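The values are calculated or read from the model by the stated rules, or taken from the named source; none is laboratory data. Source: prediction; values computed, not measured. FYI the Cβ positions are ideal-geometry reconstructions off the backbone, even for glycines, and counts take in every protein chain you see. Accessible surface is based on the protein model in full, side chains and every heavy atom, while ligands, DNA and RNA are left aside. Shrake-Rupley method; radii C 1.70, N 1.55, O 1.52, S 1.80 Å.
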Amino acid sequence: MTTTTHPMADKPIGQLLRQFAVPSIIAMLVSSLYNIIDQLFIGQSIGLLGNAATNIAFPLTPTCVAFSLMFGIGGAARFNLAMGAGRKKEAAAYMGNALLMLVSCGIVLCIIVRLFLTPMLLLFGATDQVLDYARTYTGITSLGFPFLILATGGGHLIRADGSPQFSMICNLVGAIVNTVLDALFIFGFHMGMAGAAYATIIGQIISALLVIRYMCHFKTVPLHLSELKPKVNYIMHIVLLGASPFINQIAMMIVQVVMNNSLSHYGALSSYGSEIPLACSGIIAKVNMVLFSMIIGISQGMQPIASYNYGAGNYGRVRKVLHLALKAGFVISIISFLLFQFLPRQIISLFGSGSEDYFTFAEEYFRIYLFFTFVNCLQPIASNFFTAVGKAQKGIILSLTRQILFLLPLIILLPYIMGIDGIMYAGPCADLAAALLSIYLVVKEVNILKQKEAIHAQ
């Protein structure tokens, strides 16, 4: 094995994972708090219809995150793989092309949403009572999409450069600004949904400016304007490794749209009506995002370590970082499971008051839909692991499993049999199936790594 003094190859794996994962977890938590904070303030000031409106707008969030992850994680993985193999010029080109695509996708998505705002919200399941609130909120927040995508995706590139703390600061500063302005605009200036939306995009702009500042002073390789020149082959290589998290987020968006329409339709046929299921589902999805933010943060902290060591042929270290990431993921998932099962009413109460029907539905939804939360760490960590080691195909397969192959058909089929309860039971069935497939693929890959390790040691 080639001797190296690079910290990715020399530092203890546990120390490295803490160094990269903790800031990544905080950054992801802060990112998810953009939606949570808006939901909290909107729920307290506007109530049920405001909560339902943010749920209608919610599918656009995973859409933005999808492009952030495709070019952020894909660019970071390519950068680290190239650096591990000693190809610095190539690594810089990957970084520049990733930045270019982050900005370009944000601008295009903003234009599309602005042009098709109302029909898009109706497609997302907006009812007559909710549409105006959703239109106000989404019309403003869409202006921040270029900044949101750059800030989120740029954070992955900054971590790949060895500065996870600065990546965390970028997100943290934006979230603090959002929180302060939410309170000021909603309760101080009484701006309602518009106030929450303006607070959000101002926070995103500040985070994006911090990312731009860092990129002008990149550490490991110098970045020049020439690296921003689009190169189709580099972009395609980035897309290949970023396809797994991209597909996962797009799948979440598709499932959310179908779920919103199903909740609206079957809710109208139940004693709850359309708005209660829409509001509860939106809150629970965003609370669940807090769990997934921590899990994804762990997987993102694992990514540069696994990528570098895989590129350098240090397969034992690759196995060890995967093991530690899964161990940490299980601890967080089990704690989340206990909270969701035993404190659902207390959690939902944070987002405003409601009728007894509202709380009854929310408690049942929490307990049933999120029942297999304790194994939900497997799929995202495994998917990101395959991306990190350059095996994008397996990562894509895992990204498709829970959302598209399992959850989407169940959301469509089970309500025909069970009514609105069928939507709740679709969640745990999909979670269990995705976890079992993840176990199979990870065990198989670990055995391959052991074989490579033995050959490399000879």
- Message: Would you confirm whether or not the range 230-238 contains a residue that is more than 22 Å from the chain's Cα centre (by Cα), surrounded by fewer than 19 Cβ atoms within 10 Å (Cβ to Cβ) and touching a residue at least 12 places away in the same chain (Cβ under 8 Å)?
- Response: yes
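So that you can scan it fast, the table gives a plain yes or no per residue for (1) under 28 Å from residue 383 (Cβ atoms); (2) part of a helix (DSSP H, G or I); (3) modelled with pLDDT of 90 or more; (4) open to solvent by less than 30 Å² (accessible area, probe 1.4 Å):
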site: 54; (1), (2), (3), (4): yes, yes, no, yes
site: 74; (1), (2), (3), (4): yes, yes, yes, yes
site: 78; (1), (2), (3), (4): yes, yes, yes, no
site: 96; (1), (2), (3), (4): yes, yes, yes, yes
site: 101; (1), (2), (3), (4): yes, yes, yes, no
site: 113; (1), (2), (3), (4): yes, yes, yes, yes
- Message: Cβ-Cβ under 7 Å, sequence separation 6+ or interchain: first residue in the range 300-311 and closer than 13 Å to residue 79 by Cα, partner in a helix (DSSP H, G or I) and of a type in the set (Phe, Trp, Tyr). Which pairs?
- Response: 304/20; 305/20; 306/385
- Message: Just checking, does the range 373-385 include any residue being surrounded by fewer than 23 Cβ atoms within 10 Å (Cβ to Cβ), in contact with a Pro (Cβ under 8 Å, 6 or more places away or on another chain) and within 16 Å of residue 290 (Cα to Cα)?
- Response: no
- From the options 139, 86, residue that is surrounded by fewer than 24 Cβ atoms within 10 Å (Cβ to Cβ) and in a helix (DSSP H, G or I): 139
- Item | Pair list, Cβ < 9 Å and 6+ apart or interchain, from the range 378-390 residues that are closer than 15 Å to residue 332 by Cβ to residues that are charged (D, E, K, R) | 379/402; 379/431
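Of the residues 262, 207, which is under 30 Å from residue 420 (Cα atoms), part of a helix (DSSP H, G or I) and open to solvent by less than 60 Å² (accessible area, probe 1.4 Å)? Steps first, please.
Working: 207 fails: under 30 Å from residue 420 (Cα atoms).
Matching residue, one of 262, 207: 262.
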- Does the range 440-458 hold any residues that are touching a residue at least 40 places away in the same chain (Cβ under 8 Å) and either among the β-branched types (Val, Ile, Thr) or not in a helix (DSSP H, G or I) (or both), and which are they? 442, 446
- Exactly one condition in (1) farther than 22 Å from residue 38 by Cα; (2) touching a Gly at 6+ places or on another chain (Cβ under 7 Å); (3) open to solvent by less than 40 Å² (accessible area, probe 1.4 Å); (4) hydrophobic (A, V, I, L, M, F, W, C) is not met by residue 325; state its number. (2)
- Message: From the list 437, 408, exactly one residue is closer than 22 Å to residue 262 by Cβ, in a helix (DSSP H, G or I) and open to solvent by 10 Å² or more (accessible area, probe 1.4 Å). Which is it?
- Response: 408
- Of residues in the range 362-372 being open to solvent by less than 10 Å² (accessible area, probe 1.4 Å) and in a helix (DSSP H, G or I), the one nearest to residue 339 (Cα to Cα): 366
